[in-house]
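First up is the structure itself, then whatever we jot down about it.
The values are calculated or read from the model by the stated rules, or taken from the named source; none is laboratory data. Since we're looking at a predicted model, the values are computed, not measured. Positions of Cβ are generated from backbone atoms using ideal geometry, with glycine treated the same way; all protein chains shown enter the neighbour counts. Each accessible area value is taken on the protein alone, full model and side chains, heavy atoms only, with ligands, DNA and RNA left out. Shrake-Rupley method; radii C 1.70, N 1.55, O 1.52, S 1.80 Å.
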Amino acid sequence: MNIHISQRVQSIAPSVTLAIDAKAKEMKDAGIDVVGFGTGQPDFDTPDFVKDAAKKALDDGFTKYTAAAGIPELRQAIADKFKRENDLDYNASQIIVSCGGKHSIFNVMMVLCEEGDEVIVPAPYWLSYPEIVKVTGAVPVVIETDDATGFKVTPDQLRDAITPNTRLFVLNSPSNPTGAVYSPDELKELGDICVEKGVLILSDEIYEHLLYDGAVHKSVASFSQAHQDHTIIVHGLAKAWSMTGWRLGFIAAPEVIAKKVAALQSHSTSNPTSFAQKGGVAALTQPMTHLEGWMEAFSERRAYAYDRLSSMPGMTCYKSQGAFYLFPNISGTGLKSSEFCSRLLEEESVAAVPGLAFGADDYIRISHATSMEQIVKGLDRMEQFCGRLVG
Ligand code: PLP
């Protein structure tokens, strides 16, 4: 039988990061000593106070449907977080909770984009952005950035990319995969252009709390009411609370968008998991004391990995300021990213993600959300590999 696949998903590529994770797990299960630098999640456990809240919810029988947009208590806790941490005023009605930040982005793009629309996506980009844009029928318009300019879009680049068909500008600071963090001035300038041109900003702030060397996070929504009116903030609990498997993400958006996202969600997933939401309330209402130890570990690993990668044969490395990734340039090795990563996995049992997946073929992504011992071992192996390549 000739099965028809819809035009909408014809060109969608499966997530490369999830595929690499799966491949590394398979090799581990087969008894191979694999070092995994592919993962996009902290190696720490979800904090106990979050787990306890979800366990209590289960014990209390909080196991039924909830409101599709999330329980009021959680939506209010999120609105309070934006006030407390970002000095942003949102009504709970402007907050929609979904099954992960990825789901939030999917919902927003489905609500805002369609055939004939353009979405500006700076590269290197988190790999799901362009794929989700394509599902909506819109076209991703990629702005190239590189390590020489700190992986940041300039105001001129943004102005040049905007056309009458531009629906959305995707901004991700701190960035996955580069770890770049826009300064408040840089953000304001980009935000000003969007306000002037009437372009909405999808601001993915999921790595907000993971910052190094005194870098500060500012939301582009926070410069003025006009900036807030032009911005949809996407956020989630996956990274800073190590809750990747809980699937909880959220948006803060102009009311009209929030309403439509809720309506769309009410016909797809319905509510995010009931008892997970109770864990989410605990996460957002308790102090983030767990993060101090985590950030100490991430900082130490980042400093070590940065030094090693910077001095590896054929490599240069941009110094990240946020998230938990390094994004070294491998062009000096003579290989493009896919061949580099598949040979690295085959020859040295080290899993890294090819930059091609992020729209940047001269780079690879190394996650340092793994133990120091694994980092040392993996980088030792990578150094041997690069040594062989460069000679
Ligand atoms: N945004 C960015 C930049 C990410 O790196 C991720 C996860 O890797 C997400 C959003 C989505 O996270 P989740 O769907 O697990 O909440």
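What to note about this one:
Each row is one residue, and each column tells you yes or no for (1) touching a Lys or Arg at 6+ places or on another chain (Cβ under 8 Å); (2) touching a residue at least 12 places away in the same chain (Cβ under 8 Å); (3) away from the ligand (no atom under 16 Å from the Cβ).
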position	(1), (2), (3)
TYR306	yes, yes, yes
LEU309	no, yes, yes
THR316	no, yes, yes
TYR325	yes, yes, no
SER331	no, yes, yes
LEU335	yes, yes, yes
GLU339	no, no, yes
GLU346	no, no, yes
SER349	yes, yes, yes
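- Test: residue in segment 58-66 that is over 24 Å from the mean Cα position of the chain (by Cα), acidic (Asp, Glu), over 26 Å from ARG302 (Cα atoms) and in a loop (DSSP other than H, G, I, E, B): yes
- Every condition in (1) open to solvent by less than 40 Å² (accessible area, probe 1.4 Å); (2) more than 13 Å from the ligand (Cβ to nearest atom) holds for ASP160 except the one numbered (1).
- Residues located in segment 212-229, provided they are within 15 Å of ILE257 (Cβ to Cβ) and open to solvent by 40 Å² or more (accessible area, probe 1.4 Å): ASP229
- Residues in segment 160-179 that are in contact (Cβ under 8 Å) with a residue 12 or more places away in the chain and out of contact with any helix residue (DSSP H, G or I) (no Cβ under 9 Å at 6 or more places or on another chain): ALA161, THR163, ASN165, PRO174, SER175.
- Checking each residue in segment 82-100 for being open to solvent by less than 10 Å² (accessible area, probe 1.4 Å) and in contact with a Leu (Cβ under 9 Å, 6 or more places away or on another chain) picks out PHE82, ILE95, VAL97, SER98, GLY100.
- Any chance ASP380 is assigned by TED's automatic domain parsing to the domain that holds GLU26, more than 24 Å from the chain's Cα centre (by Cα) and modelled with pLDDT of 95 or more: yes
- Single residue of segment 235-281 satisfying the filter (open to solvent by 10 Å² or more (accessible area, probe 1.4 Å), among the aliphatic types (A, V, I, L, M) and away from the ligand (no atom under 11 Å from the Cβ)) that is nearest to PHE324 (Cα to Cα): VAL281
- Restricting VAL390, VAL350 to those that are open to solvent by 10 Å² or more (accessible area, probe 1.4 Å) and either closer than 25 Å to LYS28 by Cα or at pLDDT below 95 (or both) reduces the list to VAL390.
- Residues that are touching a residue at least 24 places away in the same chain (Cβ under 8 Å) and small (Gly, Ala, Ser) were ranked within segment 24-63; the one that is surrounded by the most Cβ atoms within 10 Å (Cβ to Cβ) is GLY38.
- Residues in segment 71-121 that are over 22 Å from VAL139 (Cβ atoms), more than 14 Å from the ligand (Cβ to nearest atom) and either assigned to a loop (DSSP other than H, G, I, E, B) or at pLDDT below 95 (or both): ILE71, ASP87, LEU88, ASP89, TYR90, ASN91.
- Here SER311 meets each of (1) in the same structural domain as GLY214 (by TED's automatic domain parsing); (2) open to solvent by 50 Å² or more (accessible area, probe 1.4 Å) with one exception, condition (1).
- Scanning segment 130-157 for residues that are farther than 21 Å from ILE193 by Cα and either assigned to a loop (DSSP other than H, G, I, E, B) or within 15 Å of the ligand (Cβ to nearest atom) (or both) returns PRO130, GLU131, ILE132, VAL133, GLY137, ALA138, ASP146.
- Pairing residues of segment 380-391 that are among the basic types (Lys, Arg) with residues that are surrounded by 13 or more Cβ atoms within 10 Å (Cβ to Cβ), at Cβ distances under 6 Å and at least 6 apart in sequence or on separate chains, gives ARG381/GLU348; ARG381/VAL350.
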